[in-house]
Structures are given as C-alpha cells and as structure tokens.
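First the structure, in the form of structure tokens, and then the observations on it.
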C-alpha cells in the first residue's frame, strides 16, 4: 500500500465538493464528497515527483520479495471510475493532515466491523499530525467521532474518453501480445473453511456458460493507489483511476475436489450460484447471498 505524507509544506490543501452520482447502496443516507487538491506543492506528498518516487520504491520491494511459486501469478489492474468520501465533516483540510480524516482515536472504534461495508474501504491509520508551530506530542488531527469515521469508496465505471489504443500500443511496444479475449463471471465470496465462515474472501471464476473454471484465493496486494482527477466536480465525470499490482494463488477444479469438504457447495452449486436469464445476471442465489459481496462480468 502506497501512502503519501507531506512533512515539508502546508501551502496545499484538499477541498471536498458535493457528490451526487451513483454510490454504494448503504451510503445513500450519507452526505458524500469528492476530494480535490488545491495549490499543489511540487515538493508535497501528492506531487507528481513524490508519486513516481514512492511507486518505484514499492516496485523495488516487489522485485526483491515476489516469488511466483509462493504468491501465485502477479498482475496489474487499472479501474476507471469515481472515488468519493463519506462521513467527512470538514470541507477543506491541509494536504499534510488529510490522512488524519481516516484515523480512529478509539480502539473500540477500530475493531468494530464497518457498518457501511464499502468496497473500496481505506484502512484505518492511527497517526497524529502536527499543526503549524506545534511541538512533538501536541498533535492535532482532524478526527471525527469513531462512529462517524471517514470512509472512501471507488465506483468503477467505464470512461468513454479513454483511448485504449495508447495502452495497447504501450503493451505491444514492451513485448506483450494479446493471447485471447474471453467472457467470465467473477464472484467474490467469504470462505467457509472447516465449517467456519471466515472474513477472508476468494473469487469464484465461472466461464461464459457458468461452468466452474477455478477459485482464486485471497489477493496479496503489493501496490494499491488511487489517482484522483484535479478537475473533477459534482457532475460525476469518471476521470479517477485505481491502479493495483497484486498476486493470488489459484485452485483448479481438480484441487477443489480434493478439498471437497471446504468447497463442496461451490462444486455442487456453481451453475445456480447466480440468478440469471440467459447470460444476464440479476441476483445471487439465497444459499450464497450472505457470503457474496461482489460480482463482476
């Protein structure tokens, strides 16, 4: 996880504008905002130079530690959409203290399950930040009440203004070749191991005919960053993107059958896991509804 922190300047600030676009269903009752950086400091933690520097540091860490036999296949994923903030009572905050909005001052608040369950939840970071002229140990943070802790979520959408040919040309120029184009269904659900429902999630992958292809075990996230457009406003233009480098171990159907006690329901009911008409999915079967968090075609 790449974290940006500014220790040298407080001239920049993050302002929040109202957000009225689509969101997680359980966020409908909340006031939502779009973060936007004002007066960007070229030496600050959100600058282009710092972004490149910290990203390359993380890439070096991956090169030094990644082992395909242990961590599974590694891949990069780019998602376009909109990042928004909920439960934020402050409309403008110095750049150096923005992370403090997502910190919790209560141990109870940090261990209680998030009642909102946003897909793109930010991890709580127990940091305190010094204001201008304050000494060490006199930290002041923009920290709301634990029950109203700030959350972020990322709504993935297509961006009609993205020119895919540039990305394809970049990949081809660096030795990549298109091998196949397929349609698959990816169902994210909680694992049920030895009769115990875990918080860990796996991804059940079905082919275009809803046959079981394999199960991806929980991701190892080597790098995860949100890139937020400076010009985004309440018109909900999907100009943000999320970039991740991650790896995961994969269980084939043959391996799953050897572990039939843990994956028996998936093997037996994968064809009916999703409620569908033809190839159009409209819901999740009641037997899996409490375990499934997300489905993507």
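The values are calculated or read from the model by the stated rules, or taken from the named source; none is laboratory data. Note that the coordinates shown come from a computational prediction; the quantities given were computed from them, not determined experimentally. Cβ placement follows ideal geometry from the backbone for every residue including glycine, while neighbour counts extend to all protein chains displayed.
The table that follows gives values for the structure above.
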read-out: Some residue of segment 14-26 being on the phi < 0 side of the Ramachandran plot, within 19 Å of the chain's Cα centre (by Cα), modelled with pLDDT under 80 and assigned to a helix (DSSP H, G or I); value: yes
read-out: Residues being surrounded by 11 or more Cβ atoms within 10 Å (Cβ to Cβ) and either part of a loop (DSSP other than H, G, I, E, B) or in contact with a strand residue (DSSP E or B) (Cβ under 9 Å, 6 or more places away or on another chain) (or both) - total across segment 148-170; value: 12
read-out: Residues within segment 39-52 that are modelled with pLDDT of 80 or more and either in contact with a strand residue (DSSP E or B) (Cβ under 9 Å, 6 or more places away or on another chain) or assigned to a strand (DSSP E or B) (or both), tallied; value: 1
read-out: Segment 153-173 residues that are in contact (Cβ under 8 Å) with a residue 24 or more places away in the chain, paired with ones that are assigned to a helix (DSSP H, G or I) (beta carbon under 9 Å, 6 or more apart); value: 153/27
read-out: Residues being in a loop (DSSP other than H, G, I, E, B), touching a strand residue (DSSP E or B) at 6+ places or on another chain (Cβ under 7 Å) and exposed (fewer than 12 other Cβ atoms within 10 Å of the Cβ) - total across segment 269-288; value: 0
read-out: Residues satisfying the stated conditions in segment 210-223, i.e. closer than 27 Å to residue 277 by Cβ and in a loop (DSSP other than H, G, I, E, B); value: 210, 211
read-out: Any hit, segment 58-77, residues being touching a helix residue (DSSP H, G or I) at 6+ places or on another chain (Cβ under 8 Å), modelled with pLDDT of 75 or more, under 23 Å from residue 294 (Cβ atoms) and outside any loop (DSSP other than H, G, I, E, B); value: yes
read-out: Complete set of residues in segment 88-101 that are touching a helix residue (DSSP H, G or I) at 6+ places or on another chain (Cβ under 8 Å) and either surrounded by fewer than 20 Cβ atoms within 10 Å (Cβ to Cβ) or not in a loop (DSSP other than H, G, I, E, B) (or both); value: 89, 90, 93
read-out: Any chance residue 36 is more than 22 Å from residue 103 (Cβ to Cβ) and not in a helix (DSSP H, G or I); value: no
read-out: Filtered residue count, segment 210-232, keeping only those that are surrounded by 13 or more Cβ atoms within 10 Å (Cβ to Cβ), in contact (Cβ under 8 Å) with a residue 60 or more places away in the chain and either farther than 30 Å from residue 57 by Cβ or out of contact with any strand residue (DSSP E or B) (no Cβ under 9 Å at 6 or more places or on another chain) (or both); value: 1
read-out: Residues that are out of contact with any strand residue (DSSP E or B) (no Cβ under 7 Å at 6 or more places or on another chain) and under 20 Å from residue 276 (Cα atoms), drawn from segment 180-209; value: 182, 183, 208, 209
read-out: Selection within segment 171-193 - over 30 Å from residue 282 (Cβ atoms) and either assigned to a helix (DSSP H, G or I) or touching a helix residue (DSSP H, G or I) at 6+ places or on another chain (Cβ under 7 Å) (or both); value: 171, 172, 173
